[in-house]
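For reference, the structure discussed in these notes is given below.
Derivation of every value follows stated rules applied to the coordinates shown; laboratory data play no part. Only a predicted model underlies this, so the values are computations on that prediction, with no experimental measurement involved. Here the Cβ is made from the backbone with ideal geometry for all residues, glycine too, and neighbour counts use every protein chain on show.
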Amino acid sequence: MSPQPVQITAPSRLHFGMLSFGQPNTRQFGGAGVMISQPQLRLTITPAERLGVEGPLAERVTPFLGHLAQNAPWWPPVPRCRILIDAAPPQHSGLGSGTQLGMALGLGLARFFDAPPQTAAELARAVGRGKRSAIGAHGALVGGLLVESGKRSTDELSPLICRIELPEAWRFVLVIPQGETGLSGEAEQQAFDRLPPVSPATTAALCRELLTELLPAAVEADFERFGESVYRFGRMAGGCFAARQGGVYASPAIERVVDRCRREGIRGVGQSSWGPTVYALCPAQSVAEALAAQLAESAEAASATIVTAGPCNQGSQAGNYRFAT
């Protein structure tokens, strides 16, 4: 009996900031972030005589397939399938598209080849992700607001220590500047190699903000308190990258977008990962639509793509395949 077609729909990821890096004998990276419903990654796997890949990001699939061939015990000697990428988020924009592509491929191919349920660590190992942040790897399976502790030297993937579902009514307005990209790959590694270590005092302050403000506000669905905490956490975490970025944000243009949103009364605003995507948290769709319209006409967001997204509390979707969590 030939395998049945598989379609995977994966969310995007916003990263609010990291907790630590550079200090010896401590957990590295860690941090907080959230999975969002848009932009989506969608791919379809169908039976074929030989392995083939089509669609946007096809060139990025080949390295993931190489990792699977080396690391996945369920990978067949002759993989007979066609992988079609139907839609993909913009690359290197702070939305975690590389990790979501790798994890979606792992999830879809595991189901296609009838593999046992896979954990986030097993899939991340199989596709070669999770070297630093683990928010996207865990979020690909479970969605929600996530906190991961950071990696010790022996960890393959940083442990997930907290997951909270955000209210379905909340919305993120994304401002994605055209022609700008964040750091990734070798450039990102070089940046971390050159950045000064995060001080223990800063890590302690970030952990305190998470534990005493951001997470309780999320649990209680306290929109105003949550938004202010996300803003404070993002600015504090962004300061750790100032030596590379030139400031809390990756560019003066990004800071102007943040300031414009704050002037419009939106409190939960920040830069996702290395940027250039800016997110602004709104309490409802109507507020998000009004903000998006204002930004579309503003000088601060000129030529940017503006997207409205809800929180994604369930992770990637693949029919009735049971993911291990």
Discussion item. Among DSSP bridges having both ends in the chain, what percentage is antiparallel? Round to the nearest 5.
Written reply: 90
Discussion item. Test of understanding: extend the Cα→C-beta vector of Ala242 to 7 Å, then name every residue of segment 11-25 with backbone N under 20 Å from that spot.
Written reply: 16-23
Item to complete: Mind checking segment 1-65 for trypsin sites (Lys or Arg not before Pro) that DSSP puts in a loop (not H, G, I, E or B) and that have at most 13 other Cβ atoms within 10 Å?
Response: Arg50
Worksheet item: If we count every other residue with Cβ under 14 angstrom of Trp75's Cβ, Lys/Arg +1 and Asp/Glu -1, where does the sum land?
Response: +1
Worksheet item: Which listed residue (Ala293, Gln38, Ala205) has the Cα farthest towards the positive end of the charge dipole for the chain, taking +1 on Lys and Arg C-beta and -1 on Asp and Glu C-beta about the Cα centre?
Response: Ala205
Worksheet item: Once the Cβ-Cβ distance between Ala69 and Arg152 is put in as r, and R0 is 22 Å, what FRET efficiency do you end up with, to the nearest 0.05?
Response: 0.20
Worksheet entry | Value of [θ]222 nm, deg cm²/dmol, for the chain, DSSP H segments ≥ 4, -39500 (n - 2.57) each, nearest 500 | -10500 deg cm²/dmol
Worksheet item: Between Val78 and Glu220, 0.36 nm times their residue separation minus their Cα-Cα distance comes to what?
Response: 46.0 nm
Worksheet entry | Approximate spin-label separation Glu165-Arg262, in nm, with each point projected 7 Å along Cα-to-Cβ | 3.4
Discussion item. 7 Å from Cα along Cα→Cβ at both Gln4 and Thr62: what's the point-to-point distance in nm?
Written reply: 3.4
Discussion item. Hydropathy at least -0.5 by Kyte-Doolittle, axial extent at least 15 angstrom from the Cα trace: which helices of the chain, defined as entire DSSP H runs, fit?
Written reply: 58-71, 97-112, 223-239, 285-296
Item to complete: List the relative contact order of the chain as a percent without decimals, with contacts defined as Cα pairs under 8 Å and 6+ residues apart.
Response: 26
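Could you tell me whether segment 171-309 comes out rounded, prolate or oblate from its Cα gyration tensor? Rule is a ≥ b ≥ c as square roots of the eigenvalues, rounded for a/c under 1.5, then prolate if a/b exceeds b/c, otherwise oblate.
Because a/c hits 1.5 or more and a/b fails to exceed b/c, segment 171-309 counts as oblate.
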Worksheet item: Quick one: net charge of Glu54's neighbours, Cβ under 14 Å, K/R +1, D/E -1?
Response: +2
